[in-house]
Each structure stands twice: as structure tokens, then as C-alpha cells.
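**Student:** Let me begin by handing over the structure; questions about it come next.
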Amino acid sequence: MKAGQYHYSKWFNKFLKSTFGLYLIKRFNVRIFNSKILNIKPPYLVIGNHVGLWDPFLMSIGIPEPIYFVISDSYFRNFWLRQLLKLVGGIPKSKMLADSGTVRAILSITKRNGVIGLYPEGARNWDLKNVPVIYSTAKLIKNLKIPVITTLMQGAGLTRPRWARSSRTGIINLNYDVLLTPEEIKKMDVDEIYNKVVDGIKFNEYVWQKKNMIPFRGKNLAEYLDLFLVVCPRCKSLCSLHSHGNFFTCKNCSYSVEYNEYGFLKTNDEKYFDSPQSWSEWQNNYLYELFSKDEYVTCKVPLFTDTNAKLFTGKRRGKLRKYKWMGKVELYFDRFDFIPEKGDRYSFPLDEISGMNIQNNNKFEFYHNNVLYRFRFTTQHKSVYKYELAINIINKIKTGIPAN
């Protein structure tokens, strides 16, 4: 798609705001604080912390003009969804990959006094605190030299944690502010802009929640927490944890915790952690130490393995082709393997893959030799996140970077 072809439908945007936008406000008790930005005129860039499924829709509520959002190109692979995203002026972008076409589209839209929306972290977080900001965001801001507005969302992560498949009802605060003016951008170098962006969207939902203690009510609050947490703190077994209802239990040693309406953990057993976030921090350190051992570094044993995986291949924005046979995946310290029920093994050296990301919590994607590979598991409670986590830990071990 050429840059000049990006247009939004005025009537459809108004329709969305007056229907779906109003639904979100009432359903999730959304509070809008946008008085600081009402005098800002297009073109401008809107950025925010990326925590929830409804982030782009929520961000749009407090912005008077329609927003051209930079959106993962995986959503453009479905024909009907692609038509819908065109109506709202969606700009496709490959996750974690440089994309000159996206940059050209953004430049074209700003020249027509459009409003651009993007998330500098490039992905939703799992633990309700920021992931690293992509440095090229600062370069883009330096080149655009247009006002930058922040949307800091509070409560959106606990309303719908990334690992969850159902929403809860509490509150969501949308705090809008002017982060940078064109005059400020001209005086700053890229590093200074980068630090400003990092500070502008910095937010830890659990630090905020400990001060406010707002209930987020719903059903089956712990369901699918096993997509995120994979190490038992008591017996140290891997992938033995299972969620059901409000409870999260180890099938190996029967250690159990309850996830309450405040997003914290309580237990009648020994209490190791008060939240999924603190559990995750321990998990990262534990796996770092575990995978640093000789049997993993020398590839004698896999870090993780799973059966009943489906393989799909394709290009960035085309329809993916499904491989005929299901198979087994194995992650070693130096490679990611797919062993089909019939046929030859696929082996992907980790230093040759790029664009690693997770789609819809159950699809693991990366590029190898300019081909997109997607692995999808048939079991709903299978953690795909553990592969992304393990590969990131491997890279840290190789370069001597600490776990956290």
C-alpha cells in the first residue's frame, strides 16, 4: 500500500466513538483527563503505555481528531479485518522489524495534518510495567518535529491483564499531556528525546494499585495465568502450574495461590510473592541461573519443549500457509527446532532469527531468511510467552547482561 492511500472514514470514526467508545466508557468506568491538550492542533503524534487489548480505542476517546494508528501487520492478514482497519486509517507495521513503508506513510499523513498514534514499546507488557522503548521512536520524533502528546493509562492493565481472556471492572484513567513541542524537539538530540519518551510513558500498575487499592471485579480472575508464570516457587518445576477459576496451583507439589479482585495473590501455604509481577521478577532470575548451567549452554538438553504445534509460513502481510503435519518444538541454547510427525526437522539458529513476537497469546512468530514462521499450539493453557522469555534470557547470558 502506498503512503498516499492512507485515509480514514469520517463517518465510521464518528460512529465508532459514539457507539463502541461510549460502551468502553460505561463498561470500564473510564475517566478522561485531557484539558491540557485541547488547544493542540494537528498534525501531532500521540504515544502511550501499552498494557491492554483496548488501548487504541481508549486512547482515541480523549483525542478530538481521528487517529491513524500504527498497527501490527498480523491484523491485516485477515481480509475482513483488513477492510475494517482501512476505514480507521490503520498503518501496518511488522513487529520488532524496521519498516520504511510505515515511516513513509507517517510522513505523508503528517503533511496532510493528520494525527498519528503509536506505542513506543512496540508490544503489550505481561507484568504491568514498561518494556524497553524502541529507540527508533525518538529518531522518528526528531524527524517529524511535530507536537508529541502522551496518554498515560492507569487501571487498564488490571482491567485486562495480557495473560487473561476476560475483562474485569474497576476504573481506567486516561491522562493526556503535552510531552514535547516542536521548539523543544529542535533543541534536543535523539538521546534526549528518547529519555523524555521513556519518562513520559513510565508506569508501574502495581505501584499505583498499592496506593489506590481499587477492586477489579470479574469471574475466573486467575484463568490463564499459566500463560505467563511457568516456574513453581516451591518445587521449582517448570510448566507444572495450572489456573482454574481464581486459583493458580502447581500440579507437581500442590502449592496454590488465589488471585483476588485487587490483582494480588493470597495463600494458605507459604507466601512467596504478593503479585504476578513480583513472581515474574523471581522467575526471570531463576531461569537466568538455570539456563546458565552447562547442560543448557552446551545444548545437551532443551530449555523448553512442547508437542502438538502447528507450523505456518508466509510473508509480512499475506495469507499464511499451514504446514501439513503437526509436530514438536524444542528450544535449545543455540536454536529453535520443529520436528514434524512426518518429514524433515526444521532448525532455526537463534542468531539468524529476527522480529520475534507473540500474537494473541498463543502464536509465536519470527522471521528467518525473510520468511515468516508462526507456531500455534492446540492446547489453550500452553505458554507461548516462555519461548520469548527464554530467548531473551539466552541473549542476556551470551552478552553478560543481568536477568533484570
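What follows draws every value from the coordinates through simple rules; no lab data is involved. Bear in mind that the values here come from a model prediction, so they are computed numbers and not experimental data. Ideal geometry is used to build each Cβ from the backbone, glycine not excepted, and the neighbour counts take in all protein chains shown.
**Student:** Taking the Cβ of each residue in W126, W11 as the centre, tally the other Cβ atoms inside 10 Å and list the residues starting with the fewest.
**Tutor:** W11, W126
**Student:** Contact order normalised by length for the chain, with contacts defined as Cα pairs under 8 Å and 6 or more residues apart; what percent is it?
**Tutor:** Value for the chain: 14 percent.
**Student:** Based on alpha-carbon centroids, what's the gap between the range 342-404 and the range 172-242 in Å, whole number please?
**Tutor:** Computed from Cα coordinates, the inter-centre distance equals 22 Å.
**Student:** Hey, another quick one. Check the chain for me: any Cys whose beta-carbon has no other cysteine beta-carbon within less than 4.7 Å?
**Tutor:** Taking the Cβ cut-off of 4.7 Å, the unpaired cysteines of the chain are C239, C299.
**Student:** Let me ask something else. Could you size up the charge dipole of the range 278-404 around its Cα centre, putting +1 on the beta carbon of Lys and Arg and -1 on that of Asp and Glu, and report it in debye to the nearest 20?
**Tutor:** 900 debye
**Student:** Mind checking which aspartates and glutamates have their Cα closer than 12 Å to the Cα of K202? Skip sequence neighbours fewer than 8 apart in that chain.
**Tutor:** Within the straight-line cut-off, K202 pairs with E121.
**Student:** Take the cross-link list K251/K363; K293/K322; K129/K396; K187/K398 and give me the ones stretching past 29 Å between alpha-carbons.
**Tutor:** From the list (K251/K363; K293/K322; K129/K396; K187/K398), the Cα-Cα distance tops 29 Å for K293/K322; K187/K398.
**Student:** Moving on. Among residues other than Y262 whose Cβ falls under 14 Å from its Cβ, what is the net charge (Lys/Arg +1, Asp/Glu -1)?
**Tutor:** That sum, taken over residues with Cβ under 14 Å, equals +1.
**Student:** Explain nothing, just the number: dipole magnitude of the range 248-309 about its Cα centre with +1 on each Lys and Arg Cβ and -1 on each Asp and Glu Cβ, in debye rounded to the nearest 20.
**Tutor:** 140 debye
**Student:** Could you name the aspartates and glutamates in cross-link range of K300, using Cα to Cα under 13 Å and dropping any fewer than eight places away on the same chain?
**Tutor:** The reachable aspartates and glutamates, counting only those whose Cα sits under 13 Å from K300, are E330, D334.
**Student:** What's the magnitude of the charge dipole for the chain around its Cα centre, counting Lys and Arg as +1 and Asp and Glu as -1 at the beta-carbon? Answer in Debye, nearest 20.
**Tutor:** It works out to roughly 1780 debye.
**Student:** What lysines does K26 reach when the alpha-carbon gap must be under 22 Å and sequence neighbours fewer than 8 apart in one chain are set aside?
**Tutor:** Partners within reach: K14, K17, K219.
**Student:** As I understand it, the dipole of the chain uses +1 on the Cβ of Lys and Arg and -1 on the Cβ of Asp and Glu, about the Cα centre. Which of N370, L229, Y346 lies farthest toward its positive end?
**Tutor:** Checked the options; the winner is N370.
**Student:** Okay, moving on. Among V51, V30, V178, which one shows the biggest mean-square fluctuation in a GNM of the chain, springs joining Cα atoms closer than 10 Å?
**Tutor:** V178
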